[in-house]
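Written out below as structure tokens is the structure these notes cover.
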Amino acid sequence: MESESESNVNFVPCIKWVKRGVASTNPTNVQLSKDELVQIINETKQKLSISGNQTQSSGDVAMEAEVGSTEDEFNFNDYDKDDGHRAAQALGIHSLAELPAEADDHFSESDDSEKEDDLIKATDNLILVGHVEGDASILEVYVYNEEDESFYVHHDILLPAFPLCLEWLNYEPKQPQGNYCAIGAMSPIIEVWDVDVMNCIEPAFKLGKPANTKKKREAVGHKDAVLSLAWNKTYEHVIASGSVDQTILLWDMETQTPNVTIKAFEEKVQCLEWHKFEGQTLLAGGCDSTARVFDCRSPEKHQTWKLSGEAERLIWNPLQPFMFLGGTSNGYVECFDCRKGKLWSLTAHEKEVTGLTISGQCPGLLVTASPDETVKTWDFNDENLPTLINEREFKMGNIHCLELCPDSPFVIALGGDKKSSNFTVYDLQNVDSIKHTFESRELIQLVPDLTGESRAATCADENLST
């Protein structure tokens, strides 16, 4: 019987907006026959049985998925302690493992989908939402349309592991540009799913392979959970990943192998972001309370800055190419200039900063969020300390993630852990103080393709000259 703590677990650890116009207007709807579904379920049951036996024989300590401690409500500290039975629950496929052998009685081949509801409009944004509910891990694909005021789950994908971070990309080897979501999870394997395929049961491709002693094959990729992902929009075949194993891997997705391994950190790597205009410049942060900027052509050369706490969030300022901000585990937001060092430090929240975003369209708009249950909007003017414009409680419990919409400069998405309200989209212009502060500012349209080359050369020379 499901425990009370298990049934109460219902939260959103990660989200990602998708720009308008990149999704397929008419997503592919995969229709599986009853026999195919039965075969998949039975194969999954067999794999779980084998996995459970192997894990138990190795003497691993069983993972308790949720504990009563308020300090570690979701037991992240012990996520890598697993056994076969608990692994099945954490992977979100516990229910499949318990289906009886005559699983074909549970399915029919009827198709009651509404094709009209499946269509994606050119004015639709998608929001990719990592959702954990009970023992299930799910990628939900929401449709948000500001003009029509529509907001609903378009389709979802059952995930094999607890999602920790999401990244959107349009790249798949030997395929035209598409609409994909890379998922970092408690598993070391990164899965890339095609968001334009409904009822999808397999990722488009994977990055990483487990070791196989029988085949004498060594593991490929990370050795532990993947905490951060960053796709390189300049070099589209490259994606960076940061892990609990304290490394950053630069993957060549064409060959699905890591070409570069960066071992500069002394703790977990939680934050990654490529520079907006410099394809070779990577910002990274870790639990060793440092932020580092790498020139990935020679990653042994890098700049390092000390943070006041563990790096929870790091972002480049999209309007100032030398500047980045960091949110820390002790509630600080700190601003750095790659040429000058730390510019300022601000006590923003009572707890860690789990949401940090700067608008690339509305100058000065900075938004932060925290498990202290508040979202704060700031007026941010380059090197000056930000001014607090509004503080709001969204009654979502601990807030785990925050993102600004790439097409609507004042619309945010939030993920929290309150069972009855763990995901929301909100227009900040509904708040009078925010509207009055920013309504007169001229919005900026960034055109990286036209400005990136000249700015990249200047920034790269100065960034990494030390």
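For every residue, the table says whether it meets (1) under 22 Å from Leu207 (Cα atoms); (2) open to solvent by 10 Å² or more (accessible area, probe 1.4 Å); (3) over 21 Å from the mean Cα position of the chain (by Cα); (4) not hydrophobic (A, V, I, L, M, F, W, C).
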| site | (1), (2), (3), (4) |
| --- | --- |
| Gln256 | yes, yes, no, yes |
| Val269 | yes, no, no, no |
| Trp274 | yes, yes, no, no |
| Leu282 | yes, no, no, no |
| Cys287 | no, yes, no, no |
| Pro299 | yes, yes, yes, yes |
| Ala311 | no, no, no, no |
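Filtered by the rule that a residue be open to solvent by 70 Å² or more (accessible area, probe 1.4 Å) and out of contact with any helix residue (DSSP H, G or I) (no Cβ under 7 Å at 6 or more places or on another chain), the range 333-355 gives Lys340, Lys342, Thr347, Glu350, Lys351.
Restricting Val197, Val238 to residues that are open to solvent by 20 Å² or more (accessible area, probe 1.4 Å), of a type outside the set (Ser, Thr, Tyr) and either at pLDDT below 95 or in contact with a Ser or Thr (Cβ under 7 Å, 6 or more places away or on another chain) (or both) narrows the list to Val197. Of the strands (runs of 3 or more DSSP E) lying entirely inside the range 315-400, those carrying at least 2 residues that are acidic (Asp, Glu) and within 27 Å of Glu439 (Cβ to Cβ) are 387-393. Residues satisfying the criterion are present in the range 141-151 (criterion: open to solvent by less than 40 Å² (accessible area, probe 1.4 Å), modelled with pLDDT under 95 and in a strand (DSSP E or B)).
If I ask for residues that are under 17 Å from Val260 (Cα atoms) and without any contact (Cβ under 8 Å) to a residue 40 or more places away in the chain, which ones from the range 190-217 would you list? Hits for the range 190-217 are Gly208, Lys209. Of Lys233, Lys206, all but one fail to be closer than 24 Å to Ile127 by Cβ, open to solvent by 40 Å² or more (accessible area, probe 1.4 Å) and part of a strand (DSSP E or B); the exception is Lys206. Just one of the listed residues (Phe380, Phe423) is among the aromatic types (Phe, Trp, Tyr), touching a residue at least 12 places away in the same chain (Cβ under 8 Å) and farther than 27 Å from Ala122 by Cβ, namely Phe380.
For the range 360-378, the criterion of being open to solvent by 40 Å² or more (accessible area, probe 1.4 Å), of a type in the set (Asp, Glu) and on the phi > 0 side of the Ramachandran plot is met by at least one residue. Might you check whether a residue that is touching an Asp or Glu at 6+ places or on another chain (Cβ under 6 Å), without any contact (Cβ under 8 Å) to a residue 12 or more places away in the chain and not small (Gly, Ala, Ser) occurs anywhere in the range 332-350? No. Among the candidates Gln280, Gln270, Gln256, the residue that is of a type outside the set (Phe, Trp, Tyr), out of contact with any Pro (no Cβ under 6 Å at 6 or more places or on another chain) and closer than 20 Å to Pro318 by Cα is uniquely Gln280. Within the range 160-169, the residues that satisfy the criterion of being open to solvent by less than 20 Å² (accessible area, probe 1.4 Å) and modelled with pLDDT of 95 or more are Pro163, Cys165, Leu166, Glu167, Leu169.
The values are calculated or read from the model by the stated rules, or taken from the named source; none is laboratory data. No experiment lies behind these values; they were computed from the predicted model shown. Using ideal geometry, Cβ is built from the backbone for each residue, glycine included, and neighbour counts are taken over all protein chains shown. Surface accessibility is based on the protein's heavy atoms, side chains included, excluding ligands, DNA and RNA. Shrake-Rupley method; radii C 1.70, N 1.55, O 1.52, S 1.80 Å.
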